[in-house]
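The values are calculated or read from the model by the stated rules, or taken from the named source; none is laboratory data. Bear in mind the structure is a predicted one, so any value in this text is a computation, not a measurement. Every residue, glycine among them, receives a Cβ derived from its backbone with ideal geometry; neighbour counts consider all protein chains shown.
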């Protein structure tokens, strides 16, 4: 224990430092940091929607598994509870839920919000009064008494009905009810859609409201929406990483214990990894002011390369050689490996992607820290005497004979390259849904719930920019009129449907009859009906007051959460100006829509699918471009450190490993994503270590050293496979792509490093 005390003390200090740094460092998870800079206005708009669009805050709840009456009772109870929860800005389930303040404001502005000029003619007033009389004799008598004498034309209730027009869901037992039966609730959270913690809390609130509503036996709650997906995806990734980390720790620990006959090797591997992780965390936070969660995850994954450093040090030590001497002897090769790996990462800093820049800086800093810890800290802290099992004789003999078959292997690589070119190469993934960790059944449920609740499946968006809200509303009104005139007959939701422009409101109020004219028409319409002469005085008074009201503006909607929530997705601030959105509620011929939109100045048509595919393609192209720059830097370093022929030999091993990896991915039907390309960076770093140490042995040293190098590299490969092989089994796209790419790559890199190493005799 006395011999182990310095190493254990160093690990304890690192653990304490990491815990302290974790509390001080700001972690963020905005996926927009990993999206390419927009090249078109349409792409810029789409990125803005992905970052903060109101659609990312919508949730849909479905309740099924019981009789319709019971589902309606649960829906009403949940609606009442969630409407009182400050985390939601909208709760709609078909049940009337207007606060008195909202009713008062909408009543006061009903004539400005609703086109009702033809409702004030004498025949129209007569029909309206007869309708009031019929209503007083019906079951709706309480509602009629409340509103009809102040609003006999029904402008207020007509306004609410107009807002509900086009809803695909029917109402049963006072709530929205789809076939099944299934009660439906539409919610909008106050939290941003990408705030996975807050979205998880809103989902928990919905589940708690369902439990508190005393659902009958068999009733179940269904939840869907972008925020729900984001929260559940984050939880799934965390669960996968935790499971894989635990299993890989056990597998790697068992393997290292067998290989080195001591649990001490776990601490030996942990020290450089801890130093590298801590260094990356501190440097990235100092440079960027925060650390992206993906940068931390990828950086720690990339530091899997650093696990090789202590293994190479311990295993490559010659009999009787001290660790200090071994570290001094191996340092030039290790230093070159680290420099080349860092050179391959540095172009990410100049890529223009904040997320990629963090990935590159974290991994580069971590590799340098881990290498320095291996070179200077481990020899001082690690006790001598770690035993290493020799490779089985037959295995060592076979691997050391591979250089004799170099021509055959190179010929096979040429054939693989030709086949890859002939088949068009690996296919790129252009469907954003395929990159989502959300399972296909869950996405299908989301589509079903959206269709049932009447939420549009938006594939095309029309956008207008304006200097202020009033200009945006007027532009939206002109655009809708122009589209109608051009023959676009499909329903289009737009902000002026909910809040007309101030100019339109003033025009509607100016069209109201004056007091004397309205009083005369009302008296004539009332003639012969059993109403007192003063029964409709509230109506005359409120029409006169309406003419004096200032138009309702977006800033006035604080007292109308229903109207504000309906307007928010369609009209909002955009930088220094405002933006209005028009959403087709049904499929419209794209060519006809673009032709009609071209007649409206400033109207932008955004095809969501096409722009998403372009963004993904641009991201992959950018990653490939900067990867090529990194590869060129690596070649320069290898040429300077190993000479022209040595550098070309190592470069050939790396290139061959990448070729075999992507050929295997193509043969397996995998579509290439950014996740595969970032995993290729890790693969390149691992393959570089293998090729460098195999090319070093046998030239600078003897055959026994070659066998030791082979054993160390084989150990490194197996520990990598034990970790990333588990990742390949995950269904989360980023984990699956990373694990599969690295597993295929490290096996190829190991075999090619052995094959392209200098020729040597096998041990006898």
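Key figures
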item	result
Residues (touching a residue at least 60 places away in the same chain (Cβ under 8 Å) and within 30 Å of residue 7 (Cβ to Cβ)) located in the stretch 380-424	380, 381, 382, 383, 384, 386, 387, 388, 389, 390, 391
Residue 623 being crowded, with 20+ Cβ neighbours inside 10 Å, out of contact with any strand residue (DSSP E or B) (no Cβ under 7 Å at 6 or more places or on another chain) and either modelled with pLDDT under 75 or part of a strand (DSSP E or B) (or both)	yes
Matching entry among 103, 74 (being under 27 Å from residue 550 (Cα atoms) and in a helix (DSSP H, G or I))	103
Tally of residues being part of a loop (DSSP other than H, G, I, E, B) and either touching a residue at least 24 places away in the same chain (Cβ under 8 Å) or in contact with a strand residue (DSSP E or B) (Cβ under 7 Å, 6 or more places away or on another chain) (or both) across the stretch 491-528	8
Candidates 508, 541 - the one that is surrounded by 13 or more Cβ atoms within 10 Å (Cβ to Cβ) and within 30 Å of residue 144 (Cβ to Cβ)	508
Filter result for the condition that a residue is modelled with pLDDT under 70 and not assigned by TED's automatic domain parsing to the domain that holds residue 315, over 404, 434	434
Which listed residue, of 655, 749, 707, is surrounded by fewer than 24 Cβ atoms within 10 Å (Cβ to Cβ) and modelled with pLDDT of 80 or more	655
Residue 62 being in a strand (DSSP E or B), crowded, with 17+ Cβ neighbours inside 10 Å and touching a helix residue (DSSP H, G or I) at 6+ places or on another chain (Cβ under 9 Å)	yes
Answer from 83, 92 - the residue that is without any contact (Cβ under 8 Å) to a residue 60 or more places away in the chain and either closer than 21 Å to residue 504 by Cβ or surrounded by 14 or more Cβ atoms within 10 Å (Cβ to Cβ) (or both)	83
Strands (runs of 3 or more DSSP E) (entirely within the stretch 567-607) containing at least 3 residues that are in contact with a strand residue (DSSP E or B) (Cβ under 7 Å, 6 or more places away or on another chain) and under 15 Å from residue 480 (Cβ atoms)	577-584
Residue in the stretch 479-490 that is farthest from residue 578 (Cα to Cα), counting only those that are assigned to a helix (DSSP H, G or I) and more than 35 Å from the chain's Cα centre (by Cα)	485
Number of positions in the stretch 376-407 that are closer than 29 Å to residue 755 by Cβ and assigned to a helix (DSSP H, G or I)	14
Flag for residue 676 being at pLDDT below 85, surrounded by fewer than 23 Cβ atoms within 10 Å (Cβ to Cβ) and under 25 Å from the mean Cα position of the chain (by Cα)	no
Residue identified as in a helix (DSSP H, G or I) and closer than 27 Å to residue 183 by Cβ among 94, 79	79
Qualifying position, being within 23 Å of residue 529 (Cα to Cα) and at pLDDT below 85, among 167, 140	140
Residue in the stretch 663-684 that is in contact with a strand residue (DSSP E or B) (Cβ under 9 Å, 6 or more places away or on another chain) and in a strand (DSSP E or B) present	yes
Elements of type helices (runs of 4 or more DSSP H) in the stretch 261-329, at least 3 residues being surrounded by fewer than 23 Cβ atoms within 10 Å (Cβ to Cβ) and modelled with pLDDT of 85 or more	264-288
In the stretch 219-242, residue farthest from residue 59 (Cα to Cα) [restricted to those that are at pLDDT below 90 and outside any helix (DSSP H, G or I)]	222
